[in-house]
Every structure is written in structure tokens, then in C-alpha cells.
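Single-structure report; data block below.
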There are 2 protein chains.
Amino acid sequence: MLKEERHHQILDKIKLNRKVLSSDLSIELQVSEDTIRRDLNELSAKGFIKKVHGGALPIDAKAPSYEERKFSSLKEKNSIAKKAVSLIKDGQVIIMSGSTTNLQLAKIIPSDINATIYTYSLPIALQLTEHPSIEIIFIGGKLNKPAQVTVGLDVVSSISQLRADLCFMGTGGINVTNGMTEPNWEVSHIKKCMIEASEKVIVLCTSNKINEVKRYSVTPINRIDTIVTDLNSKNEIFYSFKEKGVTIL
Amino acid sequence: MLKEERHHQILDKIKLNRKVLSSDLSIELQVSEDTIRRDLNELSAKGFIKKVHGGALPIDAKAPSYEERKFSSLKEKNSIAKKAVSLIKDGQVIIMSGSTTNLQLAKIIPSDINATIYTYSLPIALQLTEHPSIEIIFIGGKLNKPAQVTVGLDVVSSISQLRADLCFMGTGGINVTNGMTEPNWEVSHIKKCMIEASEKVIVLCTSNKINEVKRYSVTPINRIDTIVTDLNSKNEIFYSFKEKGVTIL
DNA sequence: CATTTTTTTGCCGTTTTATGCATTTTTATG
DNA sequence: CATAAAAATGCATAAAACGGCAAAAAAATG
């Protein structure tokens, strides 16, 4: 039997039983326990399983949760949020994507602002329930657990029926030639719809996302009205963006 | 059994019972108390539980203040949740309404259960994101802030397209002649739809809701399959319910 | 096709880990 | 403060992991 075959069988078995023992596998797959151990180590190094003493388990409850990510580079995110909040005008209809920067923004929306906010992010919706006057519409669908946002066709079709003034979104990467890009196909699609539905597009991103390029394209740069980052808007990194007519905040 | 497995089981049990005894675990998991003690120490060192003399407690075991205890009756709700969780079978499609009792239930669903859960409650959805295998579908709509649930026509129309095996719901009041009743018209309507869409209806309620009658009718008593309360199922208060064919848990 | 090179695998001695047991110390409680 | 339960401590043992080595298999090379 080929090594790859074994690996697949091991993964299958873990999925099925939610655990495997090196000793069992050794017998089942007719190889020495050393080989099994090496297999498990490789699969574990690739992040497919969690190797433990005596066998392996599914990776499950290990991915750094939204909760944990929420607190990384909070300072930058907060400074972004502060700039972005100035763009909100009374009575607007706003779409917010689900990012920790957007969450930060949701926290600091002044209580005297009236607006309707559409979102598909649980934490953002929850945060907004504390605001006295904002009307919140949650876009339903299948939940993506690690990101705590809804995804799928329902979301796409809901958004495409909307018409919003503003759209605040986080991004996986942005540069002048490729525009906004995302690592996740589904998310990229949803973001396209959000942009489609919005008058103005405002991208919130920490500086490390600038000039990053991800797998899936969301929109060309000229469809973006404003980019809000933690950097000073006069930073030379933005020259080329400004030439394309993007406002930097 | 692998050490890690044991750790998971211990964590599950703490979540469920809000405490564990080393002696119990030793028997249940078929290892010596020394081993259990070592397990508890490790989990405690990682900050997952609080080790105490004789066993362990959840980390967030903040003593509920007098005020909280007086109104929230968390203990009752937990005992209800514990009974209710046994009704969930692998692979089922479940609708959950938004009540604190249901939230309690969401917290203690064992991690080896597979199910699809529809809900319109933000806290419940958020809680369920911590479960490794449950598929969550959030029912979108306009958010009712104080209750943190979605309401409105969107919710009604989404639910009416569903077909579920089980439906867990809280209630404003229940008695034999009027059936389930609600103080809020909109909620009563949504609950009607939920019942319409479900094979079995399970009502979770604390004993103070029994024989209460609210303004709006939801469903007659005979459409309810099971009532789960904090009382003993043999309590005479249930006689008339049983006559109508309702199971009491 | 012959022959290197690389990969895979099993084996073996050593080291580490998990666990139970016996003994002593600590803790809870009437 | 006496006593029983629980925890800590030290030790023994078996299972598992590790590291190096060499044979076998597979792939690459000329």
C-alpha cells in the first residue's frame, strides 16, 4: 500500500471515529507502528490532525477562535474605527462585513446617530444591540463557526435585494493592480454582492493588508471610495491609490 | 482511552453538571484517582477548569449575587437543559427558539452529537459556534434588541420553508385548556410557524410558567409532545397534561 | 538498462510519557 | 482535635516516542 493511501485511510478513520490509535492502525494497515507514527507526525505537521500520545484526534477545538483574534492589534483597529465612524451620516443605510475592525467600529458609533445597519456577523450584531437607536437587520444563512458570520446562497440572495448608502468592509488584501482580494471564495463572492448593493464602498484595513494579494478577486480599485487604515493618510504607500481616485483616511 | 479523550470528556462533564468529583470520574473513565487528579491538574494549569479539593469546577464559577439568583433561577434552567439534551438524537434537524433555558441547553450539547440547528437567537447561535460538529443556520431578519432575536416577516417566511424533527421552545405560559400562550403577538406568530414546521414540539419551561396564561395563543396542548421542567415528572400538577397525551420529563 | 539518489520502511537501543501503587502530608469537617 | 478523604510524593513499570541505521523499494539519471 502506498503511503498516500494510508494517509487517506487514516484521515477517514479519524473523521469517522473521532480518534485513532497507533496500535490499531499498525494492525489494520499492516505496517509497523513506527511507520504509523511517522504518518501521524506528517499529517499533524500539515495541520490535518492532532497527534497525541498513543494516536491522534481531529484538529477541532484548537483553531485560534474569533475571541482570541479579537484582541490582536486592537490599538490599530481602534484607530481605524475612530476615523471610519466620522463617515457615518444620520439616516443612512449601511452594510457591514464581519471583521474585528468592523466590530471595533460598531462599538464606537455615537448614540445619537440613527441608521439602519445590515450585517451577517454575529459579534457585530450583538454589539449593535447595545446601541439605542440603530436598526439592525441580520442577514441569515449557514454559520461559518470560526468567523462567526453567515455564508452561503441565502446571504448572497439577501444582499442582492438590498440598496445601501455605505458599505464598511474588512479585507484580506488590497493593492492597486489587483484591487481588493480575499483568501476565501465564498467570502469574496459575498463581498462582491455587498459592493454591488452599495453606493459607497469603504475599506477598513490594518496596514499589513496593504499590497497583499489573495487568491480571489473582489473588486477593482476604482470601485473603492475610501480606504481607512492605521497609517497616516499622507504616507507615500498611498500615492498610487490616490491616483486612482481613492480617498485615504 | 487516550489521555486527550479523557480531558475532553471531563470538560464536557463539567460543562454539563457544573462540577465533577475525582471519585466519580475515576469510576466512569476507568482509571485511578491519581490519574484523574493529574488530568484535573493539567486542565487547571491550562486554565480550562478550576481544580478544587475533591474535584473541579468551571472556571467562570462566579458566585451568582443574591439579586441574580433571585431572578434568574439558573439552577432550574440547568436542570431543565440536562433533561432536554437527552432528547437530541444524532443527525436531527432542530429549531430552537430564543430563551435563556434554550441557551443553557445549547451550552451543554455533547460535542459528539451531529445535528443541524436553526435559530433566530444571537446568543444561542454564538454559543453553538463553540460546538465542533453542529451545523448552525441563523434565521435572518430585523433584530429585536432587548431579546437579541430576529423578528418580523422575514423570520416567519424563512421558518415556514423549513422542516424539522424537533423544536425546543420556551414559553410565556402553558396550561391544559389554553395550551401555550405568549405575551407578545409577534413572538406568538413566529412560534406558531416553528411548531408548524416541526415533527415534535418540546416545551422547556420553569415551573412558574405552568398554568400561567398570556394574551396570545400559540398552540393547543395536544400539539405538544413533551414538556421539560425543573419539577419531578411525577408531580401531581402534571396529571391533566398527561391525560392529554403530553410526555413530562 | 545499469546505477545513483531518494524515499520509505522496519529494527533496535534509549528516552519520555502515562499510569498505578504505596507512603506521607494536607485538608475538610463533625 | 480526631478522623476520614483527598492530595502530594516517590517509585516502578509498561507503553509509546525518538533517533540513528540499514535494507528495500521507488524514482531519477546518464
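The values are calculated or read from the model by the stated rules, or taken from the named source; none is laboratory data. Remember, it's a predicted structure, so these values are computed and weren't measured experimentally. Positions of Cβ are generated from backbone atoms using ideal geometry, with glycine treated the same way; all protein chains shown enter the neighbour counts.
Key figures for this structure:
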| quantity | calculated |
| --- | --- |
| Members of the range A:14-34 found to be without any contact (Cβ under 8 Å) to a residue 12 or more places away in the chain and either touching a Gly at 6+ places or on another chain (Cβ under 6 Å) or within 11 Å of DNA strand C (Cβ to nearest atom) (or both), listed by number | A:SER26, A:SER32, A:GLU33, A:ASP34 |
| Residue within the range A:92-114 that is on the phi > 0 side of the Ramachandran plot, modelled with pLDDT under 90 and assigned by TED's automatic domain parsing to the domain that holds A:ASP230 present | no |
| So A:SER233, is it more than 22 Å from A:SER158 (Cβ to Cβ), at pLDDT below 85 and not acidic (Asp, Glu) | yes |
| Selection count, the range B:132-181, where residues are in a strand (DSSP E or B) and among the acidic types (Asp, Glu) | 2 |
| Subset of the range A:111-145 [at the interface with chain B (Cβ under 8 Å from one of its Cβ atoms), under 18 Å from the mean Cα position of the chain (by Cα) and over 13 Å from A:MET194 (Cα atoms)] | A:LEU122, A:PRO123, A:ALA125, A:LEU126, A:PHE138, A:GLY140, A:GLY141, A:LYS142, A:LEU143, A:LYS145 |
| When residues of the range B:29-39 are limited to those that are within 15 Å of B:LYS3 (Cβ to Cβ) and either of a type in the set (Asp, Glu) or touching a Leu at 6+ places or on another chain (Cβ under 9 Å) (or both), the one farthest from DNA strand D (Cβ to nearest atom) | B:VAL31 |
| Subset of the range A:37-50 [within 11 Å of DNA strand C (Cβ to nearest atom) and within 14 Å of chain B (Cβ to nearest Cβ)] | none |
| Members of the range B:1-13 that are in contact with a strand residue (DSSP E or B) (Cβ under 6 Å, 6 or more places away or on another chain) and more than 13 Å from DNA strand C (Cβ to nearest atom) | B:LYS13 |
| Residue in the range A:134-151 that is without any contact (Cβ under 8 Å) to a residue 40 or more places away in the chain, surrounded by fewer than 20 Cβ atoms within 10 Å (Cβ to Cβ) and out of contact with any strand residue (DSSP E or B) (no Cβ under 8 Å at 6 or more places or on another chain) present | no |
| Residues satisfying the stated conditions in the range B:60-91, i.e. modelled with pLDDT of 85 or more and either under 13 Å from B:ASP230 (Cα atoms) or among the acidic types (Asp, Glu) (or both) | B:LYS83, B:ALA84, B:ASP90 |
| Single residue of B:ILE210, B:ILE159 found to be in contact with an Asp or Glu (Cβ under 9 Å, 6 or more places away or on another chain) and aliphatic (A, V, I, L, M) | B:ILE159 |
| Residue within the range B:36-57 that is within 30 Å of B:THR150 (Cβ to Cβ) and either in contact with a helix residue (DSSP H, G or I) (Cβ under 8 Å, 6 or more places away or on another chain) or at pLDDT 80 or above (or both) present | no |
| Any hit, the range B:187-194, residues being more than 10 Å from chain A (Cβ to nearest Cβ), in a strand (DSSP E or B) and in contact with a strand residue (DSSP E or B) (Cβ under 9 Å, 6 or more places away or on another chain) | no |
| Selection count, the range B:40-59, where residues are within 28 Å of the chain's Cα centre (by Cα) and either more than 10 Å from DNA strand D (Cβ to nearest atom) or of a type in the set (S, T, N, Q) (or both) | 10 |
| Residue that is farthest from the other protein chains (Cβ to nearest Cβ), among those in the range A:3-36 that are surrounded by 16 or more Cβ atoms within 10 Å (Cβ to Cβ) and of a type in the set (Lys, Arg) | A:ARG6 |
| Qualifying positions in the range A:1-24 - within 10 Å of DNA strand D (Cβ to nearest atom) and either aliphatic (A, V, I, L, M) or not in a helix (DSSP H, G or I) (or both) | A:MET1, A:LEU2, A:LEU21 |
| Any pair with Cβ under 7 angstrom, 6 or more apart, that starts in the range B:172-195 at a residue that is without any contact (Cβ under 8 Å) to a residue 40 or more places away in the chain and ends at one that is in a helix (DSSP H, G or I) | B:GLU182/B:SER188; B:GLU182/B:LYS191; B:HIS189/B:VAL156; B:CYS193/B:VAL156; B:CYS193/B:ILE159; B:CYS193/B:SER160; B:ILE195/B:ARG223 |
| Residue list for the range A:1-35, filter: of a type in the set (A, V, I, L, M, F, W, C) and under 14 Å from A:LEU57 (Cα atoms) | A:ILE10, A:LEU11, A:ILE14, A:LEU16, A:VAL20, A:LEU21, A:LEU25 |
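For (1) of a type in the set (S, T, N, Q); (2) touching a Phe, Trp or Tyr at 6+ places or on another chain (Cβ under 6 Å); (3) more than 10 Å from chain B (Cβ to nearest Cβ); (4) buried (at least 19 other Cβ atoms within 10 Å of the Cβ), each residue gets a yes or a no:
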{"position": "A:SER157", "(1), (2), (3), (4)": "yes, no, yes, no"}
{"position": "A:ASP165", "(1), (2), (3), (4)": "no, no, yes, no"}
{"position": "A:PHE168", "(1), (2), (3), (4)": "no, no, yes, yes"}
{"position": "A:GLY172", "(1), (2), (3), (4)": "no, no, yes, yes"}
{"position": "A:THR177", "(1), (2), (3), (4)": "yes, no, yes, no"}
{"position": "A:MET180", "(1), (2), (3), (4)": "no, no, yes, yes"}
